[in-house]
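Participant: Input: one structure, supplied below.
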Amino acid sequence: QVQFVESGGGLVQPGGSLRLSCAASGSAFSIYAMGWYRQAPGKEREWVARISSSGTPLYVASVKGRWTISRHNVNNTVYLQMNSLKSEDTAVYYCNRFPPVATDWGQGTQVTVSS
């Protein structure tokens, strides 16, 4: 089992930016594809960005061009730089392996985009 601790969320105005961080436990982090996921109120959790073990990113259409996922394998950390935030980005954000492992979900970090 791997533990993930997300941080960096907060309240931001539309058009603003946030950088989320996800710290992972365990020594095998570098071999995992990693993903960022979000769950808005009343909706199912969805993935928004993922990055392969070698650093190749992939995004859902709604965030492509606005956000950047990256990873630092030495520090066992994955990041999500979110620019041009919109109200519809409001959600709790989680990281996990990609595809996710059900037992490894952390607490997430709340992102609220509002004026």
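The values are calculated or read from the model by the stated rules, or taken from the named source; none is laboratory data. Fair warning: this is a prediction, and the values are worked out from it, not measured in the lab. Counting neighbours? That spans all protein chains shown, and the Cβs are built from the backbone with ideal geometry, glycine included. Note: accessible area is taken over every heavy atom of the protein model, side chains too, but ligands, DNA and RNA are not part of it. Shrake-Rupley method; radii C 1.70, N 1.55, O 1.52, S 1.80 Å.
Participant: What net charge do the residues around GLY15 carry, taking every other residue with its C-beta under 15 Å from that of GLY15, with Lys and Arg at +1 and Asp and Glu at -1?
Facilitator: 0
Participant: Considering all alpha-carbon pairs of the chain, what whole percent are spaced by more than 18 angstrom?
Facilitator: Tail fraction, whole percent: 43.
Participant: Tell me the Kirkwood radius of segment 1-41: reciprocal of the mean inverse pair distance over distinct alpha-carbon atoms, in Å.
Facilitator: Its Kirkwood hydrodynamic radius stands at 12.5 Å.
Participant: Still on this structure, please answer the following. Rank GLY35, GLY55, GLY26 by mean-square fluctuation in a GNM of the chain with C-alpha springs under 10 angstrom and give only the top-ranked residue.
Facilitator: Result for the chain, Cα springs under 10 Å: GLY26 fluctuates most.
Participant: Would you list ARG38, ARG45, ARG71 from the most to the least accessible area, probe 1.4 Å?
Facilitator: ARG45, ARG71, ARG38
Participant: Before anything else, pin down the relative contact order of segment 73-115: Cα pairs under 8 Å, at least 6 apart, normalised by residue count, whole percent.
Facilitator: Relative contact order for segment 73-115 comes out at 43 percent.
Participant: Now a separate question. Below 12 angstrom from the Cβ of THR56, what's the summed charge of the other residues (Lys, Arg +1; Asp, Glu -1)?
Facilitator: With Lys, Arg at +1 and Asp, Glu at -1, the net is +2.
Participant: Okay, next question. If you average the sequence gap of Cα pairs under 8 Å that are 6 or more apart and divide by the length of the chain, what percent do you get for the contact order?
Facilitator: Across the chain, relative contact order equals 38 percent.
Participant: Select from ALA102, SER21, GLN1 the residue farthest towards the positive end of the dipole of the chain; place +1 on Cβ of Lys and Arg, -1 on Cβ of Asp and Glu, and compute about the Cα centre.
Facilitator: Final value for the positive-end residue is SER21.
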